[in-house]
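Participant: Mind looking over this structure? Questions follow.
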Amino acid sequence: MPTVTIDGKPYQAQLGETILQVARRGGIWIPTLCYHPAVEPYAACRICVVEIDRGGWWQVVTSCNYPIRRDLTVRVNSERAVRARRGVMELLLARCPESPELRAIAARMGVDGTPYPTVTEAQRNCILCGLCVRVCDERIGASAIARVGRGVERSVAAPFRMPSEDCIGCGACAEICPVGTIVVRMHEEEVEISPFKNRVKLKHCAECGRPIGSELVHKALADRGGPTLVELLATEQFCPRCKRKQLAKEICTRHALRDEPASRGA
Ligand code: SF4
């Protein structure tokens, strides 16, 4: 069993675990945005960088996807690692200056603003972490959204930037978005996933006619089975809005590693 020494303190690790997992188990905070235990690590945002000892020199690596293969010495709170993470946060704040979620993590990191000009309206409010794309693909199986465009035009959208016919309106992308950019909007007959403009017909309660969620989600859940989700749909414990939120959460986390702590900003 390898030993990972983090900021001078030794921790036992399992082979293949990541630096982030070991650090979290040891109660060490490393900020994350594009990481969620329900989907494969992707190291897109780079807010989780730390330094590792490469035998005489120190390398900056992303902790969310760096696997432990042998004894390792890590610096989480060295001057260089902290400066690197703060630099990334300043760049992200330029894209998402109004996100309360992002500002809360920035404050915890000691970053209170950005020296960079804010981006254009088209790029605004998305940090391109890719969590929404991955959860839609890996967990929902819809692949309704993707990263599109190049360079400064890079963004997340449905194909051809048109409403997607593959979207089932589950809201998992909205639930997992770490900066609160994706929103589920309820209309009289449809649920809309904004900003993608995906719209899915609502199913209504057979008794009172109140909307009880997306028709396609009901169909997908019925096809997949799974008592937890079906029971959740049937329960009257939540109002429709909270029920959707609970459903999205359940879909996101039902395949997640059971022993992982909550990831967002944790
Ligand atoms: S609401 Fe649509 S785009 Fe978002 S995760 Fe569900 S299927 Fe994918």
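The values are calculated or read from the model by the stated rules, or taken from the named source; none is laboratory data. This one's a predicted model, so the numbers in the text were calculated from it and none came from an experiment. The protein model used for the area step is the full one, side chains on, heavy atoms only, and it has no ligands, DNA or RNA in it. Shrake-Rupley method; radii C 1.70, N 1.55, O 1.52, S 1.80 Å.
Participant: For a quick check: with amide H placed at 1.01 Å from N, whose amide H comes under 5 Å from V156's, ignoring anything fewer than 5 positions away on the same chain?
Facilitator: Close amide H contacts, sequence-distant or interchain: V148.
Participant: Kirkwood hydrodynamic radius of the range 20-79 from all distinct Cα pairs, in Å?
Facilitator: 12.1 Å
Participant: Near K245, which lysines are there with a Cα under 24 Å away, not counting those fewer than 8 places off in the same chain?
Facilitator: Hits, sequence-local ones excluded: K197, K201, K203, K219.
Participant: I've got another one for you. Using θ = phi - 60° and the Karplus relation 6.51 cos²θ - 1.76 cosθ + 1.60, list the HN-Hα couplings for the range 204-217 in order, rounded to whole Hz, with x at every Gly or Pro.
Facilitator: 10, 4, 5, 8, 10, x, 5, x, 10, x, 5, 4, 5, 5
Participant: If you don't mind, another one. Compute the Kirkwood hydrodynamic radius of the range 75-154, taking the inverse of the mean of 1/r over all pairs of distinct Cα atoms, and give it in Å to one decimal.
Facilitator: 14.2 Å
Participant: Same structure, new question: May I ask you to list the lysines whose Cα is less than 23 Å away from that of K9, ignoring any residue fewer than eight positions away on the same chain?
Facilitator: none
Participant: Which far-off residues, 5 or more places away or on another chain, put their amide H under 5 Å from the one on V111, with H placed in the peptide plane?
Facilitator: Long-range HN contacts for V111: none found.
Participant: Considering amide H positions built from the backbone, and no H for Pro or chain starts, which residues 5 or more places from L202, or on another chain, come under 5 Å of its amide H?
Facilitator: E190, V191, E215
Participant: Across 5 Å bins from the origin, how do the percents of Cα pairs in the range 3-108 run, short distances first?
Facilitator: 2, 13, 23, 24, 19, 11, 5, 2, 0
Participant: In the full protein assembly as shown, how much of K9 is accessible to a 1.4 Å probe, in Å² to the nearest 10?
Facilitator: Ignoring ligands and nucleic acids, K9 comes out at about 120 Å².
Participant: Here's something else I'd like to know. Mind checking Rg over Rh on the range 44-196, alpha carbons, Kirkwood formula for Rh?
Facilitator: Taking Rg over the Kirkwood Rh, I get 1.03.
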